[in-house]
Amino acid sequence: MISLGGSIGTGLFIGIAAPLSTVGPLGTIIAYLLAGSIMLSTMLCLGELSCAFPHAGSFQHYALMFIPHPIWSYTIGWLYWLSWVLSMAADLTAASMIAHQVFSSIPIYILSLIILTVITCVHLTSVRAFGESEYWFSTIKVLAIITFIAVGIYLLYQQYNQTHVLPTFKTEQGWFPNGFLSIFVCMTIVTYSFQGVELIGSAAGEAQSPQTVLPKIITGVAFRIILFYVLAIAVLALVYPYGTTHDEISPFVWVFNKAGITFASYAMLFVIFCAAISAANSAVYASSRMLWSMAQDNLAPKYFSEVNKRGVPTKGILFIAIIALVSLFSKYIAAEKLYLYLVASTGQVGCFAWIIIAWCQYQFRKGVNEGKYSKDMIKFKSPLFPWLAIISITVNIVIIVGVWFGESGHFILLSEVILIFVILSTYYFFKKRKVKLDNQID
């Protein structure tokens, strides 16, 4: 449920409008199927690693174990940490935009602060509090998607009875309004929607009997996510005409309004609000555990490796909450624009994280085949070695490069180059400082 909760969020309910308008209905479905297939490949690779080496830091720690130079672990660790913090800010902004429709007298940035405070308190309580809250948030989202699919099918049935014409995914400009290759340009939003499934690797480090639990749920979760996404998007694409403009915060709300179920449209707003809160909730968990893991591996200040008596990394959680105050910029930037900026800044990092996971699994299995590791360590065996990892790495690279040719591609590329340069610079500074401290201790 944590993995489902992390991946079914605002990227589906709100972000879906962008690819639908860019690549059309059929292009959107192909984009989500492609991203879902890569997500499944990544889950299988991560499952093999998590069963062999359960660790709350997940793939950042595996990068340190299996990729020759620690700079890879340092870079992906900080990139992934920052992407989750910015993702949290995006989800706080989305949740506040929805809450503002009910409490219009309260500014969006104040609502963001209130929600952030509540989520932070939940995480400071215990990891069990996070798990319980995420379970119920995930349940609400799954039931909402099933209801939406049922309502969408009912609308299609009504439409057929009235017109005796079956709707298609073809638009007036053809199957792909902006060309087939435009699918890769919109992949930032699409892959952002699926990101969060890798939380299952982090959760393995704090779960009881991960070797027994994980193999049972890895493929099941992946297939459920693909099924929910593809079915929901297929129904939405058939009911929601290409080029539709509306005032609703989400196309899902538009569909319920079209069905004349006004109460359901308000309920859908509540569901999207829960989805945003859930995604922000997951972001605190993911980023705090990543920060703790890097501190354990001497890739972040030791200050963040400390936990309280309940095993909660309180200092890391409070630090993340402070950084997430970037969501308060909605006081100066339109909330809708701020949300899209934050989403665009995090989508690429998820692809990079999936590359690292596949690379680590490839290195691990290669080590097993060469006798470096015992075959008994493989508790869950991902299929099609080495092709699963190779295909996952290749397609993720294509997606990353493809996004650079989009409307804001140059801005995204420049931002990534600057960010990676800053992280690499801090690595050498941090390494130099660590050597100096070690010499003082000696």
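Remarks
- Take 135-146, 87-98 and order them by the average number of nearby Cβ atoms within 10 Å per residue, most first; the result is 87-98, 135-146.
- Separation of alpha-carbon centers, segment 114-168 and segment 70-101, rounded to whole Å: 21 Å
- 3J(HN,Hα) from dihedral phi, segment 253-258, Karplus parametrisation 6.51/-1.76/1.60, rounded to Hz, x for glycine, proline: 5, 4, 5, 5, 5, 5
- Taking amide H positions as modeled 1.01 Å from N, with prolines and chain starts lacking one, the residues under 5 Å from TYR373 and 5 or more places away or on another chain are VAL368.
- Cross-link table LYS141/LYS302; LYS141/LYS258; LYS366/LYS431; LYS372/LYS431, entries beyond 32 Å C-alpha to C-alpha: LYS141/LYS302
- In sequence order, segment 90-98 has phi-based couplings of 5, 5, 5, 5, 4, 4, 5, 4, 6 Hz under the Karplus curve 6.51 cos²θ - 1.76 cosθ + 1.60, θ = phi - 60°, and Gly or Pro positions carry x.
- Cα gyration tensor, segment 8-151 - rounded (a/c under 1.5), prolate or oblate: oblate
- Amide H within-cut-off set for ILE261, under 5 Å, with H built and near neighbours excluded: none
- Segment 87-160 shape via C-alpha gyration tensor axes, a/c threshold 1.5: oblate
- Packing-based ranking, highest mean first, of 226-236, 114-124, 285-295 given that Cβ atoms within 10 Å are counted: 285-295, 226-236, 114-124
- Protection proxy ranking of 20-27, 76-83 - average other beta-carbon atoms within 10 Å, highest first: 76-83, 20-27
- Ranking of PHE352, PHE256 by solvent-accessible surface, largest first: PHE352, PHE256 (1.4 Å probe, protein heavy atoms only, all chains present).
The values are calculated or read from the model by the stated rules, or taken from the named source; none is laboratory data. A quick note: this is a predicted structure, and the numbers were derived from the prediction, not measured. As a convention, Cβ positions derive from the backbone with ideal geometry for all residues, glycine included, and neighbour counts pool all protein chains shown. In case anyone asks, the SASA skips ligands and DNA or RNA and just uses the protein heavy atoms, side chains included. Shrake-Rupley method; radii C 1.70, N 1.55, O 1.52, S 1.80 Å.
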